[in-house]
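Dropping a structure here in structure tokens format, bear with me for questions.
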Amino acid sequence: MTVHSENGLTRPMLTAQNVTKTYQQHVAVNDVSLEVSQGEVVSIIGPSGAGKSTFLRCMNFLEVPTSGTVTIGERSITIGPDHKSPSRKEVAALRRGAGMVFQSFNLFPHLTVLRNVSLPQERVLGRSRSEADERSRALLERVGLSQKADAYPSKCSGGQQQRVAIARALALDPPVMLFDEPTSALDPEVGAEVLAVMKELARDGMTMIVVTHEMAFARDVSDRMLVMADGGVLECGDPRVIMKQPTHPRTERFLSAVLDR
Amino acid sequence: MIDDLLGWTEYVPELAGGLGVALKLTAISLLLGYPLGLLLVLITDGSSKLLRGLGLVIVEFGRGIPLLVLLLIVYQGLPQVELTPTAMVSAVVAFTWSAGAYSTEIIRASLAAVPRGQSEAADAAGMSDRERFRFIIFPQAARLAIPPLMNLAVQWFQFSSLAYVITVPEIMQSAYFQGTVTFDYLSVFIAAAFIYAAVTIPTSALVTRLEARLGRHL
């Protein structure tokens, strides 16, 4: 099923075409397509095991799709029988188009908060140390963590670590941000600080794809909602409409389960 | 009475030369053995089947054969095939081989202990494989590997006493020689034991502190 952006005039920032990921016999993602326009926020929801995270990880080739095409900005990689497998360089180039925030933060524990944000800029974008540090400090300010610049991640709370991780991803100036259940490892109160930062990003026009169980966030912040189950797309559209009147019984079941909690 | 109890102390200076040799043997075999271990990790994880097999043989035999047997093969055995390494060279070869084999396992385990998410974060940022290893994986693995590698060094210093068997003039060789002169074997060997303990116990304490320090952010 192909899901087009609502406004056909804005150019797509990220396109996934017929992405499939299989592990031996198991089909984790089954022929999913998605087009995300500039500035659009798309939430992906669904029961666990639906293939949401796997699909998201196919966007930047942390999981190499079994088949399909992923395009971010100008870069495109197709996996299929008629295409040779992409070089490490091509994959790295595609990845630069998307910043990623993980469920488990994955900050570099041996580096200070500032170095966590600066090092990738120096290595990947070739910025000088002072240039990178300047940008890092501005971003840490933006996520409310200037005072933690010289601390090590182990001295930061989970919510703080996740906000540093967001700053680290933003520092590379990616056109798209991918969030893989960014608040699932946090208690609700701490998760709220992270969601606040994400809301602000969305308001500032960042293109975002967010795999999440935060239904309020999905409803209030995202422009579109993609509901997945068993590796496929159940439905996609305006989050308010889907949450009020889901067309698929499986969606209904899922929504009533998460909303009744 | 006190004189009797502390009689062994007069032998300590006599063994100082042996201590020097023991430290030298330990240091050389580790300075060669650690890089050999890293090389063996790369080879046994590499793509060449031939090198992988060769590396595996070196590691498995290095760990599987007792150091004493390795020493005797090199020193007593090789002359039969027209190779006559000196006692010290034989000891260095055997000790390096074994140290390389053991540090291979330590380095491999340390690399494997760096969480997968670290590689993913580096990959997602668009770092190359080389950058990922150099800036993200290696620094974390090194913090994990240094304490066990230093414990290996402590152990290797103790094992240097085995080189006595092939006439390397280390601590036990000097002690035994003193014993044959004075017949005061008890005092001489206590003096030797004191020297070993004086090196190993503070070093081990240092490793424990270093371990806490290196691990504090991981």
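Semi-axes of the equivalent ellipsoid of chain A: what are they in whole Å, largest first, if each equals the square root of 5 times a C-alpha gyration tensor eigenvalue? Kindly include the intermediate steps, with their values, before the conclusion.
Details: eigenvalues 171, 106, 53 Å².
That gives 29, 23, 16 Å for the three semi-axes.
When the Cα atoms of the stretch B:2-214 are enclosed in a convex hull and the volume is divided per residue, what value in Å³ results? Provide the component values of the computation, followed by the final result.
Details: hull volume 28.8 nm³, N = 213.
Spread over its residues, the Cα hull of the stretch B:2-214 gives 135 Å³ apiece.
Another question, if that's okay. With a cut-off of 8 Å between alpha carbons and a minimum separation of six or more residues, what is the relative contact order of the stretch A:97-187 in percent? Mind dumping the intermediate values first?
Details: 136 pairs, mean separation 46.8, N = 91.
Answer for the stretch A:97-187 is 51 percent.
Which whole number gives the average count of other chain Cβ atoms within 10 Å of the Cβ atoms across peptide B:126-133?
Details: counts 16, 7, 5, 2, 1, 6, 1, 0.
Mean inter-chain Cβ contacts per residue within 10 Å come to 5.
Further question: Explain nothing, just compute: Karplus ³J(HN,Hα) = 6.51 cos²θ - 1.76 cosθ + 1.60, θ = phi - 60°, for every residue of the stretch A:145-153 in order, whole Hz, x for Gly and Pro.
Computed from phi, the couplings for the stretch A:145-153 are 10, 3, 6, 9, 3, 9, 7, 8, x Hz.
Right, here's the next one. Once the Cβ-Cβ distance between B:VAL12 and B:LEU72 is put in as r, and R0 is 41 Å, what FRET efficiency do you end up with, to the nearest 0.05? If you can, show how the numbers build up before the last one.
Values: r = 30 Å, r/R0 = 0.73.
With R0 = 41 Å, the Cβ-Cβ based efficiency is 0.85.
Same structure, new question: Based on the Cβ-Cβ distance from B:LEU56 to A:ALA192, what FRET efficiency comes out when R0 is 60 Å, to the nearest 0.05?
Working: r = 53 Å, r/R0 = 0.88.
It comes out at approximately 0.70.
Which residue fluctuates the most in chain A, going by a Gaussian network model with Cα springs under 10 Å, if the choices are A:SER87, A:SER53, A:SER104?
A:SER87
So what J values fall out for the stretch B:160-170 if you push phi through Karplus, 6.51 cos²θ - 1.76 cosθ + 1.60 with θ = phi - 60°, rounded to Hz, Gly and Pro as x?
4, 4, 5, 5, 4, 4, 9, 6, 6, x, 8
Pop the C-beta distance of B:SER47 and B:TYR176 into the FRET formula with R0 = 56 Å and round what comes out to the nearest 0.05. Show your work: numbers first, answer last.
Working: r = 50 Å, r/R0 = 0.89.
So the FRET efficiency works out to roughly 0.65.
Shifting gears a bit: With an 8 Å Cα cut-off and a minimum separation of 6 or more residues, compute the relative contact order for chain A in percent.
Working: 502 pairs, mean separation 64.2, N = 261.
Normalised by residue count, the contact order of chain A is 25 percent.
Another question about this same structure. Lys and Arg at +1, Asp and Glu at -1: add these up for the other residues within a Cβ distance under 14 Å of A:VAL211 and post the number. The partial results should precede the final answer.
Values: positive: A:LYS52, A:ARG57, A:ARG224; negative: A:GLU63, A:ASP180, A:GLU181, A:GLU214.
So the environment of A:VAL211 carries a net charge of -1.
Where is the GNM fluctuation largest for chain A (alpha-carbon springs, 10 angstrom cutoff): A:GLN103, A:GLN24, A:GLN160?
Looking only at A:GLN103, A:GLN24, A:GLN160, the largest GNM fluctuation is found for A:GLN24.
While we're looking at this one, here's another question. Sum -39500 (n - 2.57) across every DSSP H segment of at least 4 residues in the protein assembly as shown, then divide by the residue count to get the 222 nm mean residue ellipticity, nearest 500.
On the way: 18 runs with 247 residues, N = 479.
-16500 deg cm²/dmol, from helical runs alone.
May I ask which residue of B:ALA112, B:ILE136, B:SER174 lies farthest towards the positive end of the charge dipole of the protein assembly as shown, with charges of +1 (Lys, Arg) and -1 (Asp, Glu) on Cβ and the Cα centre as origin?
After comparing all options, I get B:ILE136.
Whose amide H sits under 5 Å from the amide H of A:MET177, counting only residues 5 or more places off or on another chain, with H placed in the peptide plane?
Long-range HN contacts for A:MET177: A:GLY99, A:THR207, A:MET208, A:ILE209.
Under the Karplus relation 6.51 cos²θ - 1.76 cosθ + 1.60, θ = phi - 60°, what is the ordered set of whole-Hz ³J(HN,Hα) values for the stretch A:50-58, x standing for Gly and Pro?
Per-residue couplings from phi come out as 6, x, 4, 5, 4, 4, 4, 5, 6 Hz.
In addition: Measuring from a point 7 Å past the Cα of B:ALA198 along Cα-to-C-beta, which residues in the stretch B:159-177 have an amide N at less than 15 Å?
Within reach of a label on B:ALA198: B:171-172, B:175.
With only Lys, Arg, Asp and Glu charged, each at its Cβ (+1 for the first two, -1 for the last two), find how big the charge dipole of the stretch A:119-261 is about the Cα centre; round to the nearest 20 debye. Present the calculation step by step, with values, prior to reporting the outcome.
On the way: 19 positive and 22 negative charges, 23 e Å.
My answer is approximately 120 debye.
What size of dipole, in debye to the nearest 20, comes out for chain A about its Cα centre when the only charges are +1 on Lys and Arg C-beta atoms and -1 on Asp and Glu C-beta atoms? Don't skip to the answer; put the middle values down first.
On the way: 30 positive and 30 negative charges, 129 e Å.
Once rounded to the nearest 20, the dipole reads 620 debye.
Which residues' amide hydrogens lie under 5 Å from the amide hydrogen of A:LEU234, considering only partners 5 or more residues apart or on another chain, with H built in the peptide plane?
A:VAL227, A:MET228, A:ALA229
Right, next: At 0.36 nm per residue, and after removing the present C-alpha to C-alpha distance, how many nm does the segment from B:ARG216 to B:LEU5 gain when stretched out fully?
Values: separation 211, 0.36 × 211 = 75.96 nm, distance 4.41 nm.
Gain on extension, B:ARG216 to B:LEU5, equals 71.5 nm.
How high is the relative contact order of the stretch B:2-214, in percent, counting Cα pairs under 8 Å that sit 6 or more residues apart?
Working: 227 pairs, mean separation 65.3, N = 213.
So the answer I get is 31 percent.
Out of residues 5 or more away from A:LYS21 or on other chains, whose amide H comes under 5 Å of its own, with H placed 1.01 Å from N in the peptide plane?
A:ALA28, A:VAL29, A:ASN30, A:ASP31, A:THR66
Mind checking the dipole of the protein assembly as shown: about its Cα centre, +1 per Lys or Arg Cβ, -1 per Asp or Glu Cβ, Debye to the nearest 20?
Working: 43 positive and 45 negative charges, 173 e Å.
In debye, rounded to 20, the protein assembly as shown gives about 840.
If you don't mind, there's one more thing I want to ask. For chain B, which DSSP H helices look membrane-span-like by this rule: Cα extent along the axis of 20 Å or more and mean Kyte-Doolittle of at least 0.0? Write out the running numbers ahead of the final one.
Values: long enough: B:16-44 (40 Å, 1.85); B:49-64 (22 Å, 0.81); B:87-113 (39 Å, 1.09); B:138-159 (29 Å, 0.61); B:185-214 (43 Å, 1.30).
Helices meeting the criterion: B:16-44, B:49-64, B:87-113, B:138-159, B:185-214.
Follow-up question, since we're still on this one. Bins of 10 Å, beginning at zero and ending with the bin holding the largest distance: percent of Cα pairs per bin for the protein assembly as shown, please.
With 10 Å bins starting at 0, P(r) equals 4, 16, 21, 18, 13, 11, 9, 6, 2, 0, 0.
Most fluctuating residue of A:ASN106, A:ASN60, A:ASN30 in a GNM of chain A with Cα springs under 10 Å: which is it?
Between A:ASN106, A:ASN60, A:ASN30, it is A:ASN106 that shows the largest mean-square fluctuation.
No lab work stands behind these numbers, since they all come straight from the coordinates. Here the structure is a predicted model, which is why all the values come from computation and not from measurement. Cβ: placed from backbone, ideal geometry, glycine included. Neighbour counts: every protein chain shown.
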